[in-house]
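The values are calculated or read from the model by the stated rules, or taken from the named source; none is laboratory data. Since this is a predicted model, take the numbers as computed values, not measurements. Every residue, glycine among them, receives a Cβ derived from its backbone with ideal geometry; neighbour counts consider all protein chains shown.
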Amino acid sequence: MSKMSFVQACNAGLRQELHRDPSVFLMGEDIAHYGGMFRVTEGLLETFGENRVIDTPISESGFMGMALGAALAGKRPVAELMFIDFGLVAMDQILNNIAKTHYMSGGSCPVPMTIITQGGGYRGAAAQHSQMLEALFLHLPGIKVVLPSNPADAKGLMAAAIRDDNPVVFIGHKQLFGKQGEVPDGEHFIPLGTSNVVQKGSEVTILTYSFTVDLALKAAEAFPGKVEVVDLRTLNPLDWETISASVSKTHRVMIAHEAHGRCSVASDLAGQIQHRLFDELDAPIEIVSALDAPIPFALELENEVLPTATRIEAKLREMLA
């Protein structure tokens, strides 16, 4: 085991897969000579060369289409969107072409490509650089969605995303990039669709992912032994076995995430839990999410819009009253 940051773990996962499989290559804005906006690809150009670590023009739609073509030609491209917000200008390629090609080809054309990107707020970066847009990628079938919460998961899930024969969106969180943790040395792989119970508890289950895992754990400190925190890790596929086991134990559920509440991961999960596990619920499902407003620039206002450990703790107190 080695101690490293979240960013270093992402880099280690990319390096591992570039060494393991010569069909893997990276492409994106400023990822080669500059090393990436958040240093995720730092040093990879020097090791693997310009044919496998490629700077692209500022055209997200263009290089997403290039990545799709490369995947169809037998490569395993990893294309970086500098910010998840910038994915909006490439949604025609992502949702109409990348997500649908395998299905529309009758299963004859797999699309083994990975989109890596960064989301999240709490940095005063305003409404166009602070969003969590994972629900957009979940809305249309055909794309797997991964959101690690710690360095070890970042490395292992990066490997799983790149090896998958389907398109995968791997979303890091800007607030996690400096987070330190123990990461396995050598080859590390975490299968997609496996969640992680990061804290056991008896009375309430919090289903969460990404940076909100840390907020949930902080809030749960006020209720020793009572709050079970489940890090979903992947949103498609979902680990229903772990979700079901936890809900059947605690009989109360909170879903916490940073994205807006309307048409969200939380609203989808709540509906599915209500349908699948209705008899296990002793109380309404509660949701803590961002308010339905654009992310403000001023930090004081941003902290009012985005979920906090204090908001999660207050909701837990209501649920346990």
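Quick check on the stretch 3-18: of everything there that is closer than 9 Å to Phe177 by Cα and among the polar types (S, T, N, Q), which residue is surrounded by the fewest Cβ atoms within 10 Å (Cβ to Cβ)? So the residue we want is Ser5. Does at least one position in the stretch 227-249 carry a residue that is in contact with a Ser or Thr (Cβ under 8 Å, 6 or more places away or on another chain), among the hydroxyl-bearing types (Ser, Thr, Tyr) and in contact (Cβ under 8 Å) with a residue 60 or more places away in the chain? Checking the stretch 227-249: at least one residue is in contact with a Ser or Thr (Cβ under 8 Å, 6 or more places away or on another chain), among the hydroxyl-bearing types (Ser, Thr, Tyr) and in contact (Cβ under 8 Å) with a residue 60 or more places away in the chain.
Conditions (1) assigned to a loop (DSSP other than H, G, I, E, B); (2) more than 24 Å from Gly74 (Cβ to Cβ); (3) in contact with a Lys or Arg (Cβ under 6 Å, 6 or more places away or on another chain); (4) without any contact (Cβ under 8 Å) to a residue 60 or more places away in the chain, marked per residue:
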site: Pro148; (1), (2), (3), (4): yes, yes, no, no
site: Ala159; (1), (2), (3), (4): no, no, no, no
site: Asp165; (1), (2), (3), (4): yes, no, no, yes
site: Gly186; (1), (2), (3), (4): yes, yes, no, yes
site: Ile190; (1), (2), (3), (4): yes, yes, no, yes
site: Leu207; (1), (2), (3), (4): no, yes, no, no
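Figure legend. Inter-residue proximity from the stretch 260-289: first residues outside the structural domain of Ser210 (by TED's automatic domain parsing), second residues assigned to a loop (DSSP other than H, G, I, E, B), beta-carbon distance below 8 Å, spacing 6+ or different chains. No pairs are indicated.
Filter the stretch 111-132 down to residues that are out of contact with any Leu (no Cβ under 7 Å at 6 or more places or on another chain) and over 22 Å from Lys155 (Cβ atoms), then give me how many there are. Give the steps one after another, and end with the answer.
Here is the first cut: in the stretch 111-132, the residues out of contact with any Leu (no Cβ under 7 Å at 6 or more places or on another chain) are 112, 114, 116, 118, 120, 123, 125-132.
If we keep only those that are over 22 Å from Lys155 (Cβ atoms) too, we end up with 123, 125-131.
Selection size over the stretch 111-132: 8.
Checking each residue of the stretch 222-234 against the condition of being within 19 Å of Ser267 (Cα to Cα), β-branched (Val, Ile, Thr), touching a Phe, Trp or Tyr at 6+ places or on another chain (Cβ under 9 Å) and not assigned by TED's automatic domain parsing to the domain that holds Ala314 gives no match.
Between His173, His188, the distinction of being within 16 Å of Val40 (Cβ to Cβ) and either in contact with a Gly (Cβ under 6 Å, 6 or more places away or on another chain) or assigned by TED's automatic domain parsing to the domain that holds Ile94 (or both) belongs to His173 only.
Just give me the residues in the stretch 122-164 being closer than 25 Å to Leu215 by Cα and of a type in the set (Gly, Ala, Ser), in sequence order. Selection gives Gly124, Ala125, Ala126, Ala127, Ser130, Ala135, Ser149, Ala152, Ala154, Gly156.
Might you check whether a residue that is buried (at least 18 other Cβ atoms within 10 Å of the Cβ) and part of a helix (DSSP H, G or I) occurs anywhere in the stretch 21-28? No; the residues of the stretch 21-28 include none that is buried (at least 18 other Cβ atoms within 10 Å of the Cβ) and part of a helix (DSSP H, G or I).
In the stretch 43-56, is there at least one residue being outside any strand (DSSP E or B), under 21 Å from the mean Cα position of the chain (by Cα), touching a residue at least 12 places away in the same chain (Cβ under 8 Å) and surrounded by 14 or more Cβ atoms within 10 Å (Cβ to Cβ)? Steps first, please.
Our first condition is that a residue be outside any strand (DSSP E or B); within the stretch 43-56, this holds for 43-52, 56.
Okay, now just the ones that are also under 21 Å from the mean Cα position of the chain (by Cα), so none.
No, the conditions are met nowhere in the stretch 43-56.
Scanning the stretch 103-124 for residues that are over 17 Å from Ala67 (Cβ atoms) and in contact (Cβ under 8 Å) with a residue 40 or more places away in the chain turns up Gln118, Gly119, Gly120, Gly121, Tyr122, Arg123, Gly124. Filtering the stretch 150-159 to residues that are among the hydrophobic types (A, V, I, L, M, F, W, C) and crowded, with 24+ Cβ neighbours inside 10 Å leaves Ala154, Leu157, Met158. Screening Arg262 against (1) modelled with pLDDT under 95; (2) part of a helix (DSSP H, G or I) leaves a single unmet condition, (2). Restricted to the stretch 76-100, and to residues there that are without any contact (Cβ under 8 Å) to a residue 40 or more places away in the chain and in contact with a Leu (Cβ under 8 Å, 6 or more places away or on another chain), the residue that is surrounded by the most Cβ atoms within 10 Å (Cβ to Cβ) is Ala90.
Candidates in the stretch 195-210 are the residues that are surrounded by 23 or more Cβ atoms within 10 Å (Cβ to Cβ) and under 14 Å from Leu281 (Cα atoms); of these, the one that is farthest from the chain's Cα centre (by Cα) is Val204.
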